[in-house]
Structure formats: structure tokens, C-alpha cells
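Peer 1: Pasting in a structure now, in C-alpha cells, and then I'll have a few things to ask.
The values are calculated or read from the model by the stated rules, or taken from the named source; none is laboratory data. Computed from a predicted structure; not experimentally measured. All Cβ positions, even for glycine, are placed from backbone atoms using ideal geometry, and neighbour counts span all protein chains on display. The accessibility values were calculated without ligands, DNA or RNA, using every heavy atom of the protein model including side chains. Shrake-Rupley method; radii C 1.70, N 1.55, O 1.52, S 1.80 Å.
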Amino acid sequence: MTDKFILEKNFDYAKYEQEIYNASIDDIVRTTRTNRRNELFVITLPPPNITGYLHIGHAFTSTLQDIMLRFKRQQGFITFGQPGIDHAGIATQIIVENNIEKEGLSRKTLGREKFLQRVWEWKASSGGQIFNQLRRLGMSVDWQTERFTMDPESNKAVVHSFVRLYNDGLIYRAEGMVNWDPILKTAISDLEVSNRMEDGHLWYIRYPINKSSDFLTIATTRPETLFGDTAVAVHPDDPRYKHLIGKQVHLPLTDRRITVIADALIAIEKGTGVLKVTPANSFDDFEIGRRHNLQMLNILNDDATLNEKVPEKFRGLSCPAARDLVIKQLEELGLLEKVEPISHSVPYNDRSNAVIEPRVTYQWFLDAATLAKPAIKAVEDGRIRFIPEQWAATYFEWMNNIRPWCISRQIWWGHQIPVWYAPTGEAFCAETEDEAKQLAAKHFGCDIGAIPTLQQDPDVLDTWYSSGLWPFTTQYWPSDTDELKARYPNSLLVTAFDIIFFWVARMIMLGLYFMNDVPFRDVYIHPLVRDAEGQKMSKSKGNVVDPLELMDKYGTDAMRFTLASLATPGRDIRLSTVAIENSRNFVTKIWNAARFLEQNACLAQEGFDISQITLPINRWVVERLQQLEEQATQAFDNYRFDYVTQNITKFLKDIFCDVYIECLKPCLSGNASDEEKRETRAVAGFVFTEFLKVANPVIPFVTEFLWKVLNPTAKEMLLVAEYSCPSTKWDDSALADVCVRLTEEVRSIRGLLGVPLTQQLCLYVEDDRFREFVARNTVWIEILGKLSGGQAYTGQKSLKIVLDGVEFFLEYPSGIDEAEAKRVIRRKIDDLAEDCELITKRVENAAYIEAAPEKWQADKEKLQQKMFEKQKIEEAFRSLS
């Protein structure tokens, strides 16, 4: 950038954004270590996947995080956001496996060591591209402090944490129910399961009652799993089946008999009221099996084919093939009562496109219930605050019903489980193999040299496990570093609601356990980004919005402003092209205002003392600036990003451009004194550059550019400039405010009555103070309202306007039929009243709120707008009366 130039017609964001960002790096880095205040503001930045690219969800989260970092930096805080990237175990392994398949290789043929070498090579060449995209977004963090969840320090910390939890009895290996991916042949987390609605069937199967000619009919969507049934269950109070509890039924297509059990959780009204219980292949049935101590009979191989525990003719068949054969044989035996077509939910892993099978396998588990107790208390007693607060209820619901956490995965890329096995099967948990051998020697009572080769557990840890340690492992825990002491706990976490359990809760549990303190004080839960119609974005729908394309087309500032403006608590946001275009237009309005100021030499002046301002309109705009800074500060502190953008917009458009700039024009070009012109130029430059400070956290690029132009003597970048408008009050600025509002009312009345701006109207004032004030400020009052006069009211035919208890009388416009005007306005009021009544009925409908929350919120806002419009017109109507 150059110091001397005239602003061009438009801001060339493609040309200047990167240049501005690069120029800010030194200040960004410096303020992570020192600033005007010796207070820290630290944000937990969610580490994006190494395989990731910047999608609109990332852009939304990152924008809100960066807004808070920039705001706190301006306030003088030492600001730190920890950049980093997640190794994304399964996602990364899939990419590398696909790459080596093109070479005719496989993971198994390469072997573990060589495969992992190929993953590290891929990471070096292709991983982490999202960092460059986050720079493009304007993320103001020190990238030199970047961490990786698989770097040596992180691995050391993860292994250390595992060993501690194991030794404390909180990590154990056991049989448990997991989501099993038969293509990847690994357990996966609930977050990786995507449910798809598909057409299917409900088969009604007869289970013959032992020593009877009767049947129990059971409805199921998975007839092939009947080989894993170990009971059938009914509700203990179901009169249809009460007499059968404790009796046995023949399991179709087998020579086994299973017992009828009673369980109070069986839904009497669902299906036939009888449930086939398959404990090893259903999450719900697994819990029933545990309650009734049933056999866990796993009938699936790791590739989801049927195993040796089923009749021979079914062994090796896939589930769909086995299903067809089971149905065929049931029909032949007369055991298939009927079939109903249904639409039902089928679980998939989007990455592998595999149908997920609930399956009991041996896995490593973490006793989450024990860790959850202090984590629940931390939110209950206010050490952690959820914003909006209703998300605390979601947190409590999950935490009070928490299950053991399966932390092992059957893949190679990740933190390998630090457990070693002796040939005889004994397990030794240690941070290194040497330490494991020492434990083995102690166990066997021999020298280390006599210990045979130990085999490390082949499984790796769930990616969410290492992510759960992120707030403190990034600061080099378990070492007691200065960084850890300063930056833990963090101030704020910004994230979406869908990972409250998977990430937020686990950070809280692990942070309290290892650090004896919460990982963060505030958790801001932002809404999800949907398309303009409120639909979830997906590639299959073709409605995915690429933030990089938006930035290319509209500029980064416009996209950031749009996302911030839509961040209304409690509802998902609808992102539309119209919204981004409106934001771009607003950025353009800022630019145009700056061009006007530059062309009229309205620059910020070093040492300017606002207490010396004399002109009422200048005092008025400074007081409005003070209000803006107070409102914006409160909105930032409360994470009301939507309020911040509303305040910024209202100030620039309604106050600065529509009123103040219009009043500047005659002052700068008319008969004002040189001193009045100097004052006005200085005030205009001061107010606008202060406005840039308020807008900068949201719109960092164009504001930084204009700061350099309009504040040429500034010794620091806008990035670190604090608000400098002192709280000052003048008596006549209140009079000026009433007069500005008066001109707005006059414009509203002109619009209703169809009175053109070319027709000047006379204003009469009864209050002596206001009459004298209007007489002294006729120039800008005439400009804003096309008014003249200011004489005392003596009963002329007029329209009465009351503001703050002061009566003003507006000359009745010539050529206007009073009766017709009243009829037109009355019709308008009636139409608005009808609209309000219809919308009110909709928004008060509980079913509507439940079925379409986004539309309900939009209607609620529309109702507020209609009611406000109706109120203003009614005020105008009263003035006619």
C-alpha cells in the first residue's frame, strides 16, 4: 500500500486483502505475548482435519472466533488462539489407501511401518491446505505456534494420559457394542454414522411356542439376524402375552429354543408388542441383554458376512443375501405371516459408504460415567457457561445418560494403544516398550533380558481422544510450562451444537481430570448454516456453498459480515446470495463514505480534542458514536454478533450517511466560517475512523485500508487501535437529537401523504428552547426535512408531532385532500393490523414452532417489523387528527 493516493471507485479486495493480512502479522504475533493490558484472552480453536478444506461451517466458526480475537486485541488483551490440525485417523487412512491402490498396492502388502511412512509423506505434501484458506479468511493467530495432534510432543502427552487413566482403573478392555464399519473393519464414532431413509420391508415372523400349536409373531426389518436371538421380550403388563413370560419358543431355522422374558421398556403399541432380542447385534438389545444376563451371540464376521455360529448354508453370506434366503425358507415353512413395505433409517459411514452394523467386539473403553460427574458439576456451579444457556440442558441430558466410551480403532494411522502383550497373554500398559518390559519382568519375577518379545496392541486411539486433550497438550503438558500456566484454562470455545458431546464434553471431562480445572470459561454454541430455503447443505442436493468462491466473488469482508449478521442465537441460519450481496453493498457504502471524506479533506487529526466542539450537529454525531461504541462493546462481550452488525449498519447508514454527511455538504461548501469548516472536517475524520475501529473485528480488510488513508498520522495499525472517544455530553446535543428525529417523522408523513421533497413545509414550535434552537440551525434542519420557519405556533392548520413531550406543528401541505388522506392511511393501518393478526396466529401455534423453527423465527421477525410500521403510521394518523 502507498500512503498517498486517492481512493479508487471500488475497493480491490483481490489485490489488497493478502497484502493487508501480511502487513498485520507482526502485530498479531506481538499481541499473543504482550499488549496494553496484562490480561489474557485465549480461544480454543477446533483443529480442522488434515484432510479438510474450508467449508462454510469452518468459515462460520472461524469468523466468529476471529471477531472475538480482534475485539479483545483492540481492548488491549494479550490474545491467543491456538492454531493446529487434527490427524483425522480414518479419513486420512482412507485417502492414503486409495492413493496406494492406484499403484497396485494395499495397506496389508506394504505393512504397518511402510504404510505409516507413506501417510507422513502425504501429510508433508498435501495435508493442512486449510491453513492457507484460514489465512485468506483473515484468522489473526500466530501460525508459528501451530500444533499437530500426532506431533512427537502430542504423542507423548496422549500416551502419558492413557497410562494414567489405565493405572487409575478408568481405561479397560472388554466386550462392548460398537458401530462397526465392515469395509474399513473398524469401530467408528456415532458422529461418523449418517442415517439415510430407505425403502424396506417389515417382515412378520412366527416363532412357534414350545409345547403348543400357537405362535408369537415378531415384526423385524432384519430377519437375517434371528440367528443371534437369545430371547424374545414382551412388556410385563401386556395382557396378550403375560401368560407366556418364562415359557420358551422355537427359534426358526435352528434347533434352539429361547425364553420369553419381560422388560418394562418394550413398547406395547409398537409392531406386535414382541421384540426379538439380538444382544450382540443391536444397541437396544445389548442393554436388554445386560439387564437379563443373556448370551451375547455374535453372528457376524468383521466384513459383515455371517459366521460359523449360524447354520452352515448361511455361513459366508452377506447380510442382504442371507436375508433373502431366510425369507425364502420361512415362507416354505409357513413361518412368514406377512410383509409390509416401510421407509426406515439405515446407518451408513459416508466415508466408506458402508452400511454400519452394531456389533459386539473386544475394544478399549474409558469409564466416561466416572469422569462425567465432576464435568456435570462444573456447569451446574457456573464454572463453565453455555451461551445460549439452553444448550446446558442438552449437555446435561447427554452427560447424565453417558455410556462407556469406546476409544480404540482398528486402523493404523493414529496414536497406537500403549499396551504390550506377553506370548502368554498378559498385558502391560506403559509409556514405552522398555517400561513395559520392566513391568513384565516384575510380574514374572525375572530379569528384563529374560522377557520374550512383547507385542504392542495393534489398535489406535479414537481421534476424539487426542482432540479431547487439546486445550492443554498444545501447551506441552505434561510438562509444567509457562505457556500452560498462562493459557489454561481458555477464555472461550466457539463451536456448533453437534459436537457438544463428542468434543466439548470430553474436553471438560479430561481437562478436569488431568488439570483439576475446567478447560474454558465460556462455550458459545453457534447455529448451523443452511441454504436459503432452510435446507441442510449436502452435495447430493447440490446446495453446498463454497466460502472460497464467495470470497472470490464478493470479498472476504462481505462474507464475514454476512455470517456475523446471521449469528442469531437459538436458530439455524439461512445463507443466501441476497444476504451476501447486501453485505457487499454495505461494504461499498463504507468505501463511498470514505471517498467523500477524502475528497473533502475530512481526515483524522492527531491530538484533536472533541471537548472543544461547538456545532450542535457535530456534538450530536459524536454522542451517537459514543452510543455505538458502548452498544458494540456490550454486544461483543455477550457474543451477540448479530447485534454488532446491526449497530454498525444503523450508525453508518442512518446516522453518518443519511444525516451527518448530508449536513456536511452545505457546511463545507456554503457560508460557514473557516473555523466551523475546520471543526467539521476534524469531527468527520475522527468519527469515521472511530467507526472503523468498531467495524474492524468483523470487516478487517477494507477498514484497515481506509484507516491508513483517512488517519495518515496513525502510528499503529487499526488491528491494535483501541476506542478513543471519551464520554462527553452537551446540553444542546439532546435538542439536536430531537430535531433529527423530527425530520425523520416529517419524511414519514411526506411519504404517507405523497408530498414531494420539492414542496417546502413550514415548522411551528411552541417550546422556546426548541424554537430558538431551530432558528439557529435552520441550514441542516432544512436539508434533512425540507423545512423552514421555526416560528411560534398561533393556531395555523397543521399536523401535530410530539417528541419527548415537545409539540411541533407542521404546516398542512397544500393540495392534499384531508378526508382522502385519512381514508388512505386508515386502510393502510387496517391492512397491517390484518397482517399482524394472521402472523400472530402462526407464531403462537406450538405445532408450527416444532415443525418449522426457522420459518417460525422468520415470521416472528416479520411480525415485529409489521407492528413497528403500524405504530409509526398510527402516529402519523394521530397528527392528521
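Peer 1: Can R584 be described as under 17 Å from I648 (Cα atoms), touching a residue at least 12 places away in the same chain (Cβ under 8 Å) and open to solvent by 10 Å² or more (accessible area, probe 1.4 Å)?
Peer 2: It is true that R584 is under 17 Å from I648 (Cα atoms), touching a residue at least 12 places away in the same chain (Cβ under 8 Å) and open to solvent by 10 Å² or more (accessible area, probe 1.4 Å).
Peer 1: Here's a follow-up. Taking region 639-684 as the search range and keeping residues that are in contact (Cβ under 8 Å) with a residue 24 or more places away in the chain and outside any helix (DSSP H, G or I), which one is nearest to L597 (Cα to Cα)?
Peer 2: G670
Peer 1: Right, next: Provide a single number: the residues in region 430-460 that are open to solvent by less than 10 Å² (accessible area, probe 1.4 Å) and closer than 22 Å to D367 by Cα.
Peer 2: Result for region 430-460: 3.
Peer 1: Okay, moving on. Restricting the search to region 491-517, which residues are closer than 18 Å to Y639 by Cβ and open to solvent by less than 10 Å² (accessible area, probe 1.4 Å)?
Peer 2: Answer for region 491-517, where residues must be closer than 18 Å to Y639 by Cβ and open to solvent by less than 10 Å² (accessible area, probe 1.4 Å): L492, L493, V494, T495, I500, V504.
Peer 1: Consider K708 carefully, then state whether it is at pLDDT 80 or above, part of a loop (DSSP other than H, G, I, E, B) and either surrounded by fewer than 19 Cβ atoms within 10 Å (Cβ to Cβ) or of a type in the set (G, A, S) (or both).
Peer 2: Spelling it out, it is not the case that K708 is at pLDDT 80 or above, part of a loop (DSSP other than H, G, I, E, B) and either surrounded by fewer than 19 Cβ atoms within 10 Å (Cβ to Cβ) or of a type in the set (G, A, S) (or both).
Peer 1: Same structure again: In region 294-398, which strands (runs of 3 or more DSSP E) lie fully inside it and hold 2 or more residues that are open to solvent by 50 Å² or more (accessible area, probe 1.4 Å) and free of Cβ contacts under 8 Å to residues at least 12 places away in the same chain?
Peer 2: Because the criterion is at least 2 residues that are open to solvent by 50 Å² or more (accessible area, probe 1.4 Å) and free of Cβ contacts under 8 Å to residues at least 12 places away in the same chain, no strands (runs of 3 or more DSSP E) in region 294-398 meet it.
Peer 1: Please list, ordered by first then second residue, the pairs with beta carbon atoms under 7 Å, 6 or more apart or interchain, first in region 280-292 and touching a residue at least 40 places away in the same chain (Cβ under 8 Å), second open to solvent by less than 10 Å² (accessible area, probe 1.4 Å) and assigned to a helix (DSSP H, G or I).
Peer 2: Here the result reads A280/G228; N281/G228, each pair linking region 280-292 to a residue that is open to solvent by less than 10 Å² (accessible area, probe 1.4 Å) and assigned to a helix (DSSP H, G or I).
Peer 1: I'd like the residue in region 530-548 that is closer than 16 Å to Y53 by Cα and modelled with pLDDT of 75 or more and, out of all such residues, is most open to solvent (accessible area, probe 1.4 Å).
Peer 2: The qualifying residue most open to solvent (accessible area, probe 1.4 Å) is V544.
Peer 1: So which of R173, R196 ends up being over 30 Å from V698 (Cα atoms), at pLDDT 95 or above and open to solvent by 70 Å² or more (accessible area, probe 1.4 Å)?
Peer 2: Among R173, R196, only R173 is over 30 Å from V698 (Cα atoms), at pLDDT 95 or above and open to solvent by 70 Å² or more (accessible area, probe 1.4 Å).
Peer 1: So, in region 94-151, how many residues would count as being of a type in the set (K, R), more than 22 Å from the chain's Cα centre (by Cα) and in a helix (DSSP H, G or I)?
Peer 2: 6
Peer 1: To continue, here is another question. Condition (residue is under 26 Å from K72 (Cα atoms), surrounded by 16 or more Cβ atoms within 10 Å (Cβ to Cβ) and without any contact (Cβ under 8 Å) to a residue 40 or more places away in the chain) applied to region 562-577: is it met by at least one residue?
Peer 2: Scanning region 562-577, I find at least one residue that is under 26 Å from K72 (Cα atoms), surrounded by 16 or more Cβ atoms within 10 Å (Cβ to Cβ) and without any contact (Cβ under 8 Å) to a residue 40 or more places away in the chain, so the answer is yes.
Peer 1: Would you point out which residue out of G76, G111 is over 26 Å from R136 (Cβ atoms), out of contact with any strand residue (DSSP E or B) (no Cβ under 8 Å at 6 or more places or on another chain), surrounded by fewer than 22 Cβ atoms within 10 Å (Cβ to Cβ) and touching a residue at least 60 places away in the same chain (Cβ under 8 Å)?
Peer 2: The match here is G76.
Peer 1: List the number of the failed condition for L191; all other conditions in (1) within 29 Å of A91 (Cα to Cα); (2) in a strand (DSSP E or B) hold.
Peer 2: Just one mismatch for L191, condition (2).
Peer 1: Could you grab me the full set of residues in region 727-780 that are under 30 Å from Q626 (Cα atoms), out of contact with any Pro (no Cβ under 7 Å at 6 or more places or on another chain), in a helix (DSSP H, G or I) and open to solvent by 50 Å² or more (accessible area, probe 1.4 Å)?
Peer 2: Scanning region 727-780 gives D731, A734, R741, E744, R747, D768, R769, R771, E772, A775, R776, T778.
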